[in-house]
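Here is the structure we will look at, set down as structure tokens.
The values are calculated or read from the model by the stated rules, or taken from the named source; none is laboratory data. Note that the structure is predicted; figures quoted are calculated from it, not measured. Note that each Cβ is placed from the backbone with ideal geometry, even for glycine, and that neighbours are counted across all protein chains shown. Each accessible area value is taken on the protein alone, full model and side chains, heavy atoms only, with ligands, DNA and RNA left out. Shrake-Rupley method; radii C 1.70, N 1.55, O 1.52, S 1.80 Å.
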Amino acid sequence: MLLQTTTNTLIDLSQKTDGSQDRAAFAKDVAEGLSQRPKKLSSRYFYDANGSRLFQQIMSLPEYYLTRAEYSLLQQHRAAMVEAFAAGGFFHLVDLGAGDAMKTKLLLGELTKKGKDFDYVPLDISGAAMRELSRDLQQTYPEIYVQAVVAEYITGLQWLGQHLPKRKVVLFLGSNIGNFERQEGQKFIRQIRQHLQPGDLFLLGVDLTKDPATILAAYNDASGVTAAFNLNLLERINRELGGNFDLDAFSHFPLYDPQEGVMHSFLVSEREQEVYLEATQARYTFAAWEAIHTESSHKYTLQQATDMGRTAGFEFVTSYLDEKGGFADMLFKAV
Ligand code: AVJ
């Protein structure tokens, strides 16, 4: 077979040129969240350079089963998945929140090995990650045409609805759906569906409900990496918004609600204190033991996830599970 090399492209749809717009939006969100009772901060701000590095460490923690479970289910089912994807001929493989594409590479390898006709469209908010991935894939898979897109999910979805003319297979892996509140998650999957055509495929990675102790441990690791990941949010506020959070006076507190199937993370103020932010020129007060809600990670039953796909305008095709039955990649087809 002749090895065709391609020149990868990178499309940057993030608006900022100097980060000023980003910082203003961040400041506004933080000010609003810290003025509410109960206080909250959004988990979308975890991922600065330091937070992304800490998340990489989380993925290899012994307690954090999610990444390993999805990796092993992809290893086990990649041949079947690839046949399902490629059944209709050429397709755009869209990877929402691709990051370093550690798991997607299993599929890229299989698709290439089987000589399937596709191109790869990783989408991520991190420009650095997309440049790195594009370079990396140019080396490892020179025959795959990679169009990396730097954008927020919604902007990216609009772009691909308009610019990718052929059949699409959209991946949303890693239980990233878990960070949406249930209604928001439902809305997001409907938005994905709105940018697809009947017959397009959608693969959704969901962490399934299981022993609460297993779930809690995954967000409360013995080595304290998850605590550092959570606290990094305050460090980022200090650095980017001129805050004076005393990191020693806040602690990571995880809580799993087995009835709602949701893992909550908090940062608890260990004493009464005041924090000042230069960006908003305002003070925020904390009572002793007052908490900031920083993250929800929703767990789903297979039935709940199937219903969510159907409600959004998909037909359920099949679920691929890991050996322990704790994690599923669910395949849907747009109707
Ligand atoms: C990236 C959203 C899948 O909720 O499991 C890991 C983020 N937070 N440990 C998750 C996270 C704390 C993770 N997701």
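For this structure, a couple of remarks:
- Looking across the range 232-255 at every residue that is open to solvent by 30 Å² or more (accessible area, probe 1.4 Å) and either in a loop (DSSP other than H, G, I, E, B) or at pLDDT below 95 (or both), the one that is nearest to the ligand (Cβ to nearest atom) is identified as Asp246.
- Residue identified as of a type in the set (A, V, I, L, M, F, W, C), under 13 Å from Gly309 (Cα atoms) and open to solvent by less than 60 Å² (accessible area, probe 1.4 Å) among Leu164, Leu208, Leu204, Leu173: Leu204
Results for (1) within 16 Å of the ligand (Cβ to nearest atom); (2) free of Cβ contacts under 8 Å to residues at least 24 places away in the same chain, shown as yes or no for each residue.
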position: Asn230; (1), (2): yes, no
position: Asp257; (1), (2): yes, yes
position: Val275; (1), (2): no, no
position: Ile292; (1), (2): yes, no
position: Ser297; (1), (2): yes, no
position: Ala305; (1), (2): yes, no
position: Val317; (1), (2): no, no
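- Any hit, the range 26-39, residues being within 18 Å of the chain's Cα centre (by Cα), surrounded by 17 or more Cβ atoms within 10 Å (Cβ to Cβ) and either modelled with pLDDT of 95 or more or over 30 Å from Met330 (Cβ atoms) (or both): no
- Residue match in the range 144-166 (condition: of a type outside the set (Phe, Trp, Tyr), within 14 Å of the ligand (Cβ to nearest atom), within 20 Å of Ser43 (Cβ to Cβ) and in contact with a Leu (Cβ under 8 Å, 6 or more places away or on another chain)): no
- Any hit, the range 148-169, residues being under 23 Å from Met81 (Cα atoms), in a loop (DSSP other than H, G, I, E, B) and touching a helix residue (DSSP H, G or I) at 6+ places or on another chain (Cβ under 6 Å): no
- Test: His195 is of a type outside the set (Asp, Glu) and within 11 Å of the ligand (Cβ to nearest atom): no
- Within the option set Arg53, Arg23, being within 16 Å of the ligand (Cβ to nearest atom), at pLDDT below 95 and in a helix (DSSP H, G or I) holds for one residue only, Arg53.
- Where Ile189 falls short, out of the listed (1) within 16 Å of the ligand (Cβ to nearest atom); (2) in a loop (DSSP other than H, G, I, E, B): (2)
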